Amino acid sequence: MKELFRRLMGRPFLSLELVGASLFANLLALAAPIYVIQVLNRYVANGVDSTLMTLSMGAVIAVFIEFSFRQVRHSLAKGISIKPDEQIARISFGALSRIKPGSLDRVTPGQQRQVLQGVDHIRNAYSASNISTILDLPFAVLFLAVLYLLSPELGAIASIFIIISFIIGLILTTAIRTPTRSLSDAALRANIITSTAIQESDTIRVFNAADALTQSWQSKFTLAQTLYRKIINRQGLLASLSNSIVGLMSISTIGVGAILVVQGKLDVGALIGANILAARALQPITKFSQMGETFLKANQSMTRLNEFLKLPREAETGSAKRDYSGSLELRDLSFMYPQTTGPLFESLSVKIPAGSICVISGQNGSGKTTLSRMIVGLIEPDRGQILADGLDLRQVHPEWWRKQIIYLPQEPGFMNGTLQDNLTINKTNIDLAQLNEIVNMAGLRRFLDETPDGLSTNVIDNGRKFAVGIRRRLALARGLVTGGKLVVLDEPTEGMDKEGSQIISMVLTNLHKQGHTVIMTSHDPQIINQANIFIDLNSKPTPEIKISDKILETKSNE
């Protein structure tokens, strides 16, 4: 309920109007039992038709006005939740796109999707109809108070059944809390397997993994179904008990009321009116108790979201230089992945002057991609600094820094949109002629000419449908659009054919001639031979660094 109070306090004047509309709607709801009492006591006793007509018209008018107030309340309740729902959705997605990648790596894609799906659970819990039901709860006291005025005995009976209904609802809601949480976890594991079946269809078929995957999915799905049935059964039990309580309360009210009528302590009209009042008093309690699972899911989703929002985000401000030369210094770098026995590398120190070529080599898993991502600013070292023209990357504005880099990741990813949108994402104002020149440099002209829509071709499935070589050429072109002074290429020739490797070589030659600093990860001897600076990550824990004589001479002149 904290979230509901937060929403109400966020719009205090609207909340006052909402409470006022609820008050008038519930006051007008008294018209029905009053009408019954008056008809039975006045019209039936005296048979005056004008009295019946007057009472009926008054009751009908009251019903229509009540309906109007409830509609107004519904609109006001929507107004209470519109901005908070939008804010939660915006914060959730904003966090997903702004959290530091190194921190986001610790959260599985399934858990990330679960956070975003939780936004729907929160929105459903605090919908206009649910808010209206909650606001009706205090007015159950109003109906009880009127009932006590008619007959303290019948008021006491209604109070007892209301308390019983509330306790049963509380017990059953508590009983489904653990299964609901377990269901969420089981559904997450089943969804992970489903995602694997969708994304890795070739692997599953080629390696005859269908039976094993199906068996794994079946076990997770069976558990989820068992938990789901348990929750549904308890919800069904709550609904059945609620109906039974309504029936038993009506029987008790009529039975005791009949005795009071016979004793002359109550008239028939008051008896029927009391039965209606008792039902109206119980109704919001019953509705609220049946909303237990909805609020449980919302609370779990809110807890999950709050934990997600605690993850550190990339800075949105920071230092920047007007003209970055391209120089880089790695100073005493150390990095160790969680749950590993030793550092990936440590005490890595090297100065990479502007315009030089640095090659990082090592076997698979030695840390080449990790170091590349560290230079780009996607992850931070456990110890040490990365300095760009003397600026610590921890201090710089991330957006500025990424505009200084031509980056080709080892596993390129793309957004679902047009090719042009993807290529120009980091420099949307690039001239079309310049973009076409870059397309030619990256060897994409033939591919685009063979594509009916050219640069307007839509990327689907985040580019996974493209051949590896095409993906890497597209990623190369995307990086070149930035025009940064620092070039970071992670295994640039991997997955490339001879023509692609030649394109990479020509691009590197041109960039180097233009004074760009080039950092590449590779175990390709032809690329390694081009290096002015060579970092061997196979040397553990401190990488071996080799610097060519030309660089040494430059350093001594400095």
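The values are calculated or read from the model by the stated rules, or taken from the named source; none is laboratory data. Quantities reported herein were computed from a predicted structural model and do not represent experimental measurements. For neighbour counting, all protein chains shown are included, and Cβ atoms are generated from backbone atoms with ideal geometry for every residue, glycine included.
In table form, for the structure just shown:
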| quantity | calculated |
| --- | --- |
| Failed criterion for Ala197 (all others in (1) in contact with a Phe, Trp or Tyr (Cβ under 8 Å, 6 or more places away or on another chain); (2) crowded, with 19+ Cβ neighbours inside 10 Å hold) | (2) |
| Evaluation of Asn458 against (1) farther than 29 Å from His512 by Cα; (2) out of contact with any helix residue (DSSP H, G or I) (no Cβ under 9 Å at 6 or more places or on another chain) (one fails), failing number | (2) |
| Per-region count, the stretch 483-510, residues surrounded by 20 or more Cβ atoms within 10 Å (Cβ to Cβ) and in a helix (DSSP H, G or I) | 4 |
| Out of Gly384, Gly355, sole residue that is touching a residue at least 12 places away in the same chain (Cβ under 8 Å), over 25 Å from Thr509 (Cα atoms) and either part of a strand (DSSP E or B) or in contact with a Gly (Cβ under 6 Å, 6 or more places away or on another chain) (or both) | Gly384 |
| Residue within the stretch 243-252 that is under 30 Å from Phe166 (Cα atoms), in contact with an Asp or Glu (Cβ under 8 Å, 6 or more places away or on another chain) and of a type outside the set (A, V, I, L, M) present | no |
| Residue check, Ala175 among the small types (Gly, Ala, Ser) and within 30 Å of Leu28 (Cβ to Cβ) | no |
| Number of positions in the stretch 88-110 that are closer than 21 Å to Leu393 by Cβ and either not in a helix (DSSP H, G or I) or not hydrophobic (A, V, I, L, M, F, W, C) (or both) | 9 |
| Matching residues, the stretch 389-411, being farther than 24 Å from Gly495 by Cβ and either basic (Lys, Arg) or not in a strand (DSSP E or B) (or both) | Asp389, Gly390, Leu393, Arg394, Gln395, His397, Pro398, Glu399, Trp400, Trp401, Lys403, Gln404 |
| Cross-chain or 6+ apart pairs with Cβ under 6 Å, the stretch 106-130 first and over 29 Å from Pro284 (Cα atoms) and assigned by TED's automatic domain parsing to the domain that holds Leu188, then in a helix (DSSP H, G or I) and modelled with pLDDT under 85 | Gly110/Leu188; Gly110/Asn191; Gly110/Ile192; Gln114/Leu188 |
| Hits in the stretch 169-188 (condition: buried (at least 18 other Cβ atoms within 10 Å of the Cβ) and in contact (Cβ under 8 Å) with a residue 60 or more places away in the chain) | Gly169, Leu172, Thr173, Ile176, Thr180, Ser184 |
| Of all residues making up the stretch 225-266, the number that are farther than 13 Å from Glu153 by Cβ, buried (at least 17 other Cβ atoms within 10 Å of the Cβ) and not polar (S, T, N, Q) | 9 |
| Flag for Arg472 being buried (at least 17 other Cβ atoms within 10 Å of the Cβ), farther than 23 Å from Ser325 by Cβ, touching a residue at least 40 places away in the same chain (Cβ under 8 Å) and within 34 Å of the chain's Cα centre (by Cα) | yes |
| Filtered residue count, the stretch 344-398, keeping only those that are of a type in the set (Lys, Arg) and in contact with a helix residue (DSSP H, G or I) (Cβ under 9 Å, 6 or more places away or on another chain) | 2 |
| Set Leu432, Leu393, Leu419, Leu423: member being in contact with a Lys or Arg (Cβ under 7 Å, 6 or more places away or on another chain) and either surrounded by 14 or more Cβ atoms within 10 Å (Cβ to Cβ) or not small (Gly, Ala, Ser) (or both) | Leu423 |
| One residue from Ile99, Ile82, Ile88, Ile65 being over 32 Å from the mean Cα position of the chain (by Cα), modelled with pLDDT of 85 or more and β-branched (Val, Ile, Thr) | Ile65 |
| Any hit, the stretch 215-231, residues being assigned to a helix (DSSP H, G or I), polar (S, T, N, Q), more than 27 Å from the chain's Cα centre (by Cα) and farther than 30 Å from Ile91 by Cβ | yes |
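Per-residue answers, yes or no, for (1) modelled with pLDDT of 90 or more; (2) touching a helix residue (DSSP H, G or I) at 6+ places or on another chain (Cβ under 7 Å); (3) under 24 Å from Asn422 (Cα atoms):
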| position | (1), (2), (3) |
| --- | --- |
| Asn462 | no, no, yes |
| Val487 | yes, yes, yes |
| Met496 | no, yes, yes |
| Ser501 | no, no, yes |
| Val518 | yes, yes, yes |
| Phe534 | yes, yes, no |
